[in-house]
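Okay, so here's the structure we're looking at.
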Amino acid sequence: KNMPPPSSNTGDLFQDSLVVNDVSAPSILRWSAPGDPEAFPPLYYMDFETRENDIIRAVRVVNNRLVVGLDSSLWRMNYLPSERDASFDRGKCAEIISRSQGIVNPMCCCTFTMEGGSEQLAFISNKGLCTTDGFNFVTRSKNLTWRNHISLAAGVTSTPVALLNDPENRCLRFYYQNTSDTSSPELCLWASYDAGDIDADGNFKFSGPVNMENWDQPSDARASVKSAWAVPRPNGS
């Protein structure tokens, strides 16, 4: 009666349900019965059929709304339909946020809060660093030549790795690989969202890129970065 959870690589808790993607059906979003994260009734799904045959890349909650990031579009889920509804209508629960901006992978999005503002979801699209409150989105990297970092040139491997919030330094850290930078292909850009570092167009102040490879001084050898994470400590740092 109630199917097991699908294989997935992104998800979040929304309205007491576990909401995840389905690796076997890349455009389908599935959710569990409320309060029962191991039960996924067959009717509990949403198919994001797009002209581009987009794949669901990230599922995150921001401001009591569920944001679903596909390859080239961004959607908001206002509620999760269930069989208890008078009419099980999937079409009305999802609304488009952007038809031109998506999320590149599950690790390239994170929530953060600017001083005096509401919670935001920051994410890496194919066109830059963007933020959304679940209703509107803003491109925060218009002051940056994005293709210098994530190149589309033939023979260059440019791969977004992760976007992490660093609340102590009030910045977002974007880890990526770019083999056109022969000195260090493992890099990190810092995007400051401090109030004094946001220009009139809403762009964040960028610094870097920072070399993220491990370095052994005696041998002067480098190794690729394997993992990095901002871990909040009990004292708030």
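A few notes on this one:
- Over the chain: Kirkwood hydrodynamic radius from C-alpha pairwise inverse distances, Å: 19.2 Å
- Estimated distance in nm for a label pair at residue 25 and residue 64, the labels positioned 7 Å out from Cα along Cα-to-Cβ: 3.1 nm
- Here r is the Cβ-Cβ distance between residue 36 and residue 127 and R0 is 30 Å; the resulting FRET efficiency, rounded to 0.05, is 0.15.
- For the chain, the solvent-accessible area works out to 53 Å² per residue, with a probe of 1.4 Å and every protein chain left in place.
- Cβ charges +1 (Lys, Arg) and -1 (Asp, Glu), total dipole of the chain, debye: 260 debye
- Point-to-point label distance, residue 153-residue 79, nm (Cα→Cβ direction, 7 Å offset): 5.2 nm
- Non-local Lys pairs in the chain, i.e. 8 or more apart or on different chains, that have alpha carbons under 27 Å apart: 6
- The packing ranking, built from the mean of other Cβ atoms within 10 Å per residue, places the peptides 56-67, 157-168 in the order 56-67, 157-168, highest first.
The values are calculated or read from the model by the stated rules, or taken from the named source; none is laboratory data. Keep in mind it's a predicted model, so treat the numbers as computed, not measured. Neighbour counts run over all protein chains shown; Cβ positions are idealised from the backbone, glycine included. For the accessible areas, the whole protein counts, side chains as well, though only heavy atoms, and no ligand, DNA or RNA atoms are used. Shrake-Rupley method; radii C 1.70, N 1.55, O 1.52, S 1.80 Å.
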